[in-house]
Structure formats: C-alpha cells, structure tokens
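Each remark here refers to the structure printed beneath this line.
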Amino acid sequence: MEAAKYIALGHQSIVELLAKDAKADPTTVWSDAKLSHGVHVSRGVVEGNAWNCIKATSIVSCSADLLASKLTDPAEMSTFDEMTDNCRVVEVFGTTSVRYVQAKPVFPTTARDFLVVTAEERHGNTIVIGTKSTTHPAVPENPAFVRANTHVSGYIIRPRSAHECEVTLIVHMDLGGHMPAAVINLLSSSSPVKLLNHFQHLYGHTA
C-alpha cells in the first residue's frame, strides 16, 4: 500500500507540472520575468500561497534521453546543482523513488533538507520528471535542518533533434523557517538561469 501511495504522488507531480507548463492550472497566473543567457524565465503567482512558482526554459545541445538520465541520477545532483550537498535514495518503485536531499547552508540561514518523491514518465517523445514532498518513517525531520516543502518541481524535456532538446524547469517550493517569501521571490529569477546554463556547459556538445 505504501508503494501505491508514493507512485500516485509521483504521478500527481507529473500532472501538476504539465498543467502549469500549459498554463492550464487556474491557481497560477504567469508573467514574464527575464530573458538572460538564452534562458526565458517566467514567474507564477499562486493563489493562496506566498511563494512564487518559477518556470525557466532553454535549449541544451544533447539528446533528451541523455539529459533525462543525468537529471534523474541522484549521484549527479550535486554536480549539476551547486546548492545540493548530497542526495540519498530511500526507496525505489520502478521509475518512482523516495529521495532525501540535503542542501548546502547559505550563511546566516539554517541549511534546508528535502524528503521527496521523484517520478519519471514518457508522454510521447516528451520526458517529464516530477518531484513532490512526502514523508517516510526512515527519514524523520533532522533538527540540524529546516525541512522545506516542495509543492511541485521538475523538468519537462522535449527533443528537437537527435542531438538537441528543450528543457523546462518548474519550481514551486516553500523554504520554511524564518526565510521571508517576499525576499526569495525577488531573487528567484536568477538561480534558474544559472542552473540551466550549467546544464548546457556540462552536457551540451556540438552535434
């Protein structure tokens, strides 16, 4: 029964990501935030939630399958995301897994940790990787960390050719603690540009 719960939650993250990407989620109102270094960033104001949703899209010069394999690899997370300290897989259910992620501390704030379900689905040629916060008896809250809440986050990867794909990052999370949402909302359009540019540097190539 636990497996079914986690698989259903992983699927729900995929459904929510696709709805936000298609602007079919009535709770989220999107506006353009910036275009920088080839990355288009939009900001979504979510009804009843102080934390904005961020969407960023760019092109990476590698196959969709290669990029998906990197973005779902827990050992790769600390390579492509400089804010991640480590990622540990707690349980696996096919293409769905429960993962515990510790982020690096940013002085003077307390470090954040995340306990999430991550799922991968194929919709035609499109690869969707969705993540959502969960609970698990093997990973209680750690007093050395603030447990952040990932409402939904993930990637939508669309092939453009055998050697090029478009990746869309969507992130909606509550970092918790005493970190004010308004301040983070103001700063949140810069991080996805850096992250997607990092994908291009790490995994892109000339076909």
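Quick check on the stretch 34-43. Is at least one of its residues open to solvent by 40 Å² or more (accessible area, probe 1.4 Å), free of Cβ contacts under 8 Å to residues at least 24 places away in the same chain, within 25 Å of Gly94 (Cβ to Cβ) and not in a helix (DSSP H, G or I)? Even if it seems obvious, please write down each step before you answer.
Restricting attention to the stretch 34-43, the residues satisfying the condition of being open to solvent by 40 Å² or more (accessible area, probe 1.4 Å) are 34-35, 37-38, 40, 43.
Then keep just the ones that are free of Cβ contacts under 8 Å to residues at least 24 places away in the same chain; that gives 35, 40.
Those still in the list that are within 25 Å of Gly94 (Cβ to Cβ) too: none.
No, every residue in the stretch 34-43 fails to be open to solvent by 40 Å² or more (accessible area, probe 1.4 Å), free of Cβ contacts under 8 Å to residues at least 24 places away in the same chain, within 25 Å of Gly94 (Cβ to Cβ) and not in a helix (DSSP H, G or I).
Could you list all residues from the stretch 141-174 that are outside any strand (DSSP E or B) and more than 17 Å from Thr118 (Cα to Cα)? Step through it out loud before you land on a result.
Going through the stretch 141-174, the residues outside any strand (DSSP E or B) turn out to be 141-145, 148, 162-163.
Within the stretch 141-174, Glu141, Asn142, Pro143, Ala144, Phe145, Ala162, His163 qualify.
Every residue, every condition in (1) at pLDDT 95 or above; (2) open to solvent by less than 40 Å² (accessible area, probe 1.4 Å), yes or no:
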site	(1), (2)
Ser161	yes, no
Asp174	no, no
Gly177	no, no
Ala182	no, no
Ser189	no, yes
Gly204	no, yes
### Task
Please specify each residue of the stretch 67-82 satisfying the condition of being touching a residue at least 60 places away in the same chain (Cβ under 8 Å), of a type outside the set (Asp, Glu) and surrounded by fewer than 16 Cβ atoms within 10 Å (Cβ to Cβ).
Thr79
### Message
Anything in the stretch 44-61 that is open to solvent by 20 Å² or more (accessible area, probe 1.4 Å), under 20 Å from His123 (Cα atoms) and in contact with a Ser or Thr (Cβ under 9 Å, 6 or more places away or on another chain)? List them, or say none.
### Response
Lys55, Thr57
### Message
Going residue by residue through the stretch 12-27, is there one that turns out to be open to solvent by 60 Å² or more (accessible area, probe 1.4 Å) and of a type in the set (D, E, K, R)?
### Response
yes
### Task
Hey, could you check the stretch 92-126 for residues that are open to solvent by 40 Å² or more (accessible area, probe 1.4 Å), of a type in the set (D, E, K, R) and without any contact (Cβ under 8 Å) to a residue 40 or more places away in the chain and say which is farthest from Ala162 (Cα to Cα)?
Lys104
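The values are calculated or read from the model by the stated rules, or taken from the named source; none is laboratory data. Remember, predicted model here, so these are calculated numbers, not experimental data. No Cβ is skipped: glycine too gets one built from the backbone with ideal geometry, and neighbour counts run over all protein chains shown. Quick note on the areas: whole protein, heavy atoms, side chains included, nothing else; ligands and nucleic acids left out. Shrake-Rupley method; radii C 1.70, N 1.55, O 1.52, S 1.80 Å.
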